[in-house]
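Chemist: Attaching a single structure in structure tokens format; questions to follow.
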Amino acid sequence: MKTRQSEADEQLLVEAAQRDPACFAALYEAHFDRVYAFVAGRVHNRDQAEDLTSEVFQKALAHLRSFEWRGAPFAAWLYRIAANAIADHRGAAALEHGTSVADDPPGVPTAPEIQPEIEEAERHARLFRLLKSLPLDQRRVVALRFSEEKSIRQIAEEMGRSEGAVKQLQFRALETLRKRMASKPGGAHA
């Protein structure tokens, strides 16, 4: 949950970026993880998710001057752009493959329909941020194990460590992430 202060800070960031597009970088940094998680959760292809996330931020920057603060978080606007980009992508893919768009899941969902996905994207974004806070070796083990789906033996060989050391690094990383995810998002570790 955002506090009134963080909402006011975000509004100031948006207004600054509307005056000077160079200030958009702060909005990009603040929202990249959650937008990527939202897109990746709907597209299920890493390359397409990266491309669509890039497209979302390009469109947001291009249309930032038309954004009006109406009390809803800036992220809601980004999610709407993302939902439209996903729908456009599915429509283009359907045309390319000669299938009907009706064969795909519905295109642009309404806000209540995507609320559970937004909440899941927020959890994933928080996890991504917490991963970045892990020590380098722990972060590397987690990436190799879960993103690249390598075995403990393969990771040990790649890192020049024993299998026991890799298991210990993985255990510590997962324990740290579990504890931090269980704490409140606004806490000291988030």
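The values are calculated or read from the model by the stated rules, or taken from the named source; none is laboratory data. Small disclaimer: the values here were computed from a predicted structure and weren't measured. No Cβ is skipped: glycine too gets one built from the backbone with ideal geometry, and neighbour counts run over all protein chains shown.
Chemist: Across segment 28-46, what is the number of residues that are more than 13 Å from the chain's Cα centre (by Cα) and in a helix (DSSP H, G or I)?
Modeler: 0
Chemist: Among VAL39, VAL56, which is the only one that is among the hydrophobic types (A, V, I, L, M, F, W, C) and within 18 Å of ARG129 (Cα to Cα)? Break it down into steps so the answer makes sense when it comes.
Modeler: Working: VAL56 fails: within 18 Å of ARG129 (Cα to Cα).
Only one candidate passes the filter, namely VAL39.
Chemist: Within segment 163-177, can one find any residue that is among the hydroxyl-bearing types (Ser, Thr, Tyr) and not in a helix (DSSP H, G or I)? Reasoning before the result, please.
Modeler: First, the residues of segment 163-177 that are among the hydroxyl-bearing types (Ser, Thr, Tyr): 176.
From what's left, not in a helix (DSSP H, G or I): none.
No, there is no match, as no residue in segment 163-177 is among the hydroxyl-bearing types (Ser, Thr, Tyr) and not in a helix (DSSP H, G or I).
Chemist: To continue, here is another question. Condition first: within 16 Å of GLU119 (Cα to Cα) and either at pLDDT 90 or above or touching a His at 6+ places or on another chain (Cβ under 6 Å) (or both). Now tell me which residues in segment 37-62 satisfy that.
Modeler: ALA37, VAL39
Chemist: Residues ALA173, ALA182, ALA125, ALA156: which one is hydrophobic (A, V, I, L, M, F, W, C), surrounded by 14 or more Cβ atoms within 10 Å (Cβ to Cβ) and free of Cβ contacts under 8 Å to residues at least 24 places away in the same chain?
Modeler: On the way: ALA173 fails: free of Cβ contacts under 8 Å to residues at least 24 places away in the same chain; ALA182 fails: surrounded by 14 or more Cβ atoms within 10 Å (Cβ to Cβ); ALA125 fails: free of Cβ contacts under 8 Å to residues at least 24 places away in the same chain.
It is ALA156.
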